[in-house]
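The structure under discussion appears below in the form of structure tokens.
The values are calculated or read from the model by the stated rules, or taken from the named source; none is laboratory data. This one's a predicted model, so the numbers in the text were calculated from it and none came from an experiment. Every residue, glycine among them, receives a Cβ derived from its backbone with ideal geometry; neighbour counts consider all protein chains shown. These area figures cover heavy atoms from the full protein model, side chains too; ligands, DNA and RNA do not enter into them. Shrake-Rupley method; radii C 1.70, N 1.55, O 1.52, S 1.80 Å.
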Amino acid sequence: MEYVLETTPVNTLHTDCLIIGVYKDLQLTHSATSLNENILNIINKVLARGDNNGELACTLLINALPDSSIERILLVGLGDQKALSSKNFRKALQAVFLSLKKTQVKLATCTLADVDVCDSDRQWKTRQIIEIANDTAYQFTTYKSNKDVDFNVDKITVTAPESELALAQLGLSQGIAIADGINLTKLLSDLPGNICTPTYLAEQAIALGSQYDKLSINVLEEADMEQLGMGALLSVSRGSRQPAKLITLDYQGGDKNVKPIVLIGKGLTFDAGGISLKPGLGMDEMKYDMCGGATVLGTLKAAAEMQLPLNIIGLIPSSENLPDGDANKPGDILISMSGKTIEVLNTDAEGRLLLCDTLTYAERFNPDVVIDMATLTGACLVALGRVPSGLLGNCDALCNDLIAASEVANDSLWRLPLWEEYQEQLKSNFADLANIGGKDAGTITAACFLSQFAEKFNWAHLDIAGTAWRTGQNKGATGRPVPLLTQYLLNRAYG
Ligand code: BES
Ligand code: MN
Ligand code: ZN
């Protein structure tokens, strides 16, 4: 998809489809009012028929206009004539791009960045148009013989007045960088476990590194991890024929002596549960247990593309979790890299075993903050559903920064408590801690487990079990929480 800015006045445009907003009392947005009289009359006539009453996100396609270089007009309702909330603005945009599906429109021109949106400037609005168009356009067709897509738009132009061109330009370039990052995350996430193995993820990271001067990649093999004493991480991969990898992405966009932001992503390319085998129903979705890792790759791609003046380290511990004669068994005791011993009471609580050694490994980067992303607990779905990601952490300032970023990015978070009372649940009779905390508060006890390996730095944990992919008929990766993380990085760089 190509995205460009359009400064030509709307009445002299050439386009397959011009997208125009209309408010509830059938008032057109001011970008429409400069259309020539002939077209305006047609729009008003159509509106007068009452087929589109300006209700939020209601769309109407005017499919033919006589003697015009504008082939079609898509009207979209914006609700009451006042500044839109950012959520409603996004709803209208989603409706716009959905309604272009199954049409033959190739070039669409969007005037909606001209609409007033609360607390939002042209940069943000331009970016949202690109992010939402990109979301609609994404289809995972790699393994379909018939690659026909139902979204034919291949170029979107976003209108901008000369006076705001600089802001629009920033929004455009950031939007494209973030959209490309999200696409990488979605693609890797949607790939099946037989293709997207730990080795494949490592290769993808190396390929990404070769695209950007400031991004370098290092991959630790099992022998290297053995040397480091990563007994928890390695115990999970013992049950798999695919070798584990610990992938480091090192983006140096800031001064050498500035402490890095460390992003850690769980990279389980398939989680069958191990000896504590999961039930069969829906197990295919455990190919998505590497969405945290895919988020790290997508976020670093976006950061490198935007050339953010920050130092960022991405860490992806990657493995499979399968039953095997050499797999972890309930009751096994592991020695983690930190020296803490762990009793494995359930081999399906494997994510925390990979993450704990990666958190210890993160200490050597002298991090400013550490943020991990993981499809860590089914309990997060029970607590929060598929709307926000769970947020837990040991630093209020970091958590608040993430919440602020999530609001701008429309990629929501909800904080859960990480009180020490919950640590009780992780007591083990035989080791320093157990890898599960019983049936209550599963998302919190998982984070409590991680917190014991994150004592030396400011740390936040995002449980993305409910948000990284959609289930059911529309099954597919969402690319979350790349929008939130890229916004956090933008705020850190320029905020
Ligand atoms: N990857 C799963 C968590 C998960 C399950 C995410 C379903 C999304 C949907 C994780 O490794 C896991 O199996 N967690 C266990 C922990 C339990 C054994 C304490 C879970 O949630 O059941
Ligand atoms: Mn598991
Ligand atoms: Zn898992």
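How high is the FRET efficiency from K24 to E203, r the C-beta distance, R0 56 Å, rounded to 0.05? Step by step, r from the Cβ atoms, then E = 0.60. In the chain, Cα pairs under 8 Å separated by at least six residues give a relative contact order of 13 percent.
The residues of the chain have, on average, 41 Å² of accessible surface per residue, using a 1.4 Å probe with all protein chains present.
Rounded to the nearest 0.05, the FRET efficiency derived from the C-beta distance between K101 and K256 at R0 = 41 Å is 0.30. A full extension of the chain between E421 and S145 corresponds to an added length of 93.9 nm, given 0.36 nm per residue minus the alpha carbon distance. So what's the gap between the Cα centers of region 1-60 and region 319-385, to the nearest angstrom? The distance from the Cα centre of region 1-60 to that of region 319-385 comes to 53 Å. Charges on Cβ only, +1 for Lys and Arg, -1 for Asp and Glu, centred on the Cα centroid of region 151-207; of G175, A202, V153, which one is farthest towards the dipole's positive end? My answer, from the dipole projection, is A202. Each 10 Å bin from 0 upward holds the following percent of the Cα-Cα pairs of region 182-494: 7, 31, 39, 21, 3, 0.
Taking every Cα-Cα distance in region 274-335 and sorting them into 10 Å bins starting at zero, the pair-distance distribution P(r) comes out as 17, 32, 27, 17, 8 percent. Overall, the chain carries a charge dipole of about 760 debye about its Cα centre when +1 sits on the Cβ of Lys and Arg and -1 on the Cβ of Asp and Glu, all other atoms neutral. Of all lysines in the structure, those lying under 20 Å Cα to Cα from K427, and not within fewer than 8 positions of it along the same chain, are K329, K340, K439. Here the accessible area is traced with a 1.4 Å probe on the protein chains. For region 182-494, carbon and sulfur cover 50 percent of it. Protection proxy ranking of 291-300, 90-99, by the mean of other Cβ atoms within 10 Å over each peptide's residues and highest first, is 291-300, 90-99. With 25 Å as the limit, the listed pairs K144/K266; K24/K186; K155/K214; K102/K287; K144/K475; K144/K278 have K144/K266; K24/K186; K155/K214; K102/K287; K144/K278 beyond it between alpha carbons. A Förster distance of 41 Å, applied to the separation of the beta-carbon atoms of D154 and C118, puts the FRET efficiency at 0.80. Per the Kirkwood formula applied to alpha carbons, region 150-307 shows a radius of gyration over Rh ratio, Rg over Rh, of 1.06. Taking label points 7 Å from Cα along the Cα-to-Cβ direction, K278 and L5 give a separation of 4.5 nm.
Restricting region 157-252 to GluC sites (Glu not before Pro) that sit in a DSSP loop and have at most 16 other Cβ atoms within 10 Å of their own Cβ leaves E221. Looking at the chain only, what percent of DSSP beta bridges run antiparallel? Nearest 5 please. Roughly 40 percent of the beta bridges in the chain run antiparallel, per DSSP.
Secondary-structure-derived ellipticity at 222 nm for the chain, considering helices only, amounts to -10500 deg cm²/dmol, per-run term -39500 (n - 2.57) for DSSP H runs with n ≥ 4. Note on K82: aspartates and glutamates with a C-alpha under 20 Å away, same-chain residues under 8 apart excluded, are D25, E55, D114, D116, D119, D121. Taking a Cβ cut-off of under 13 Å around A362, the surrounding Lys, Arg, Asp and Glu residues balance to a net charge of -3, with basic ones at +1 and acidic ones at -1.
Counted as membrane-span-like here are DSSP H helices of the chain whose alpha-carbon atoms extend 27 Å or more along the helix's own axis and whose Kyte-Doolittle mean is 0.0 or above; these are 165-190. Computed on protein heavy atoms with a 1.4 Å probe, the accessible areas place T486, T142 in the order T142, T486, largest first.
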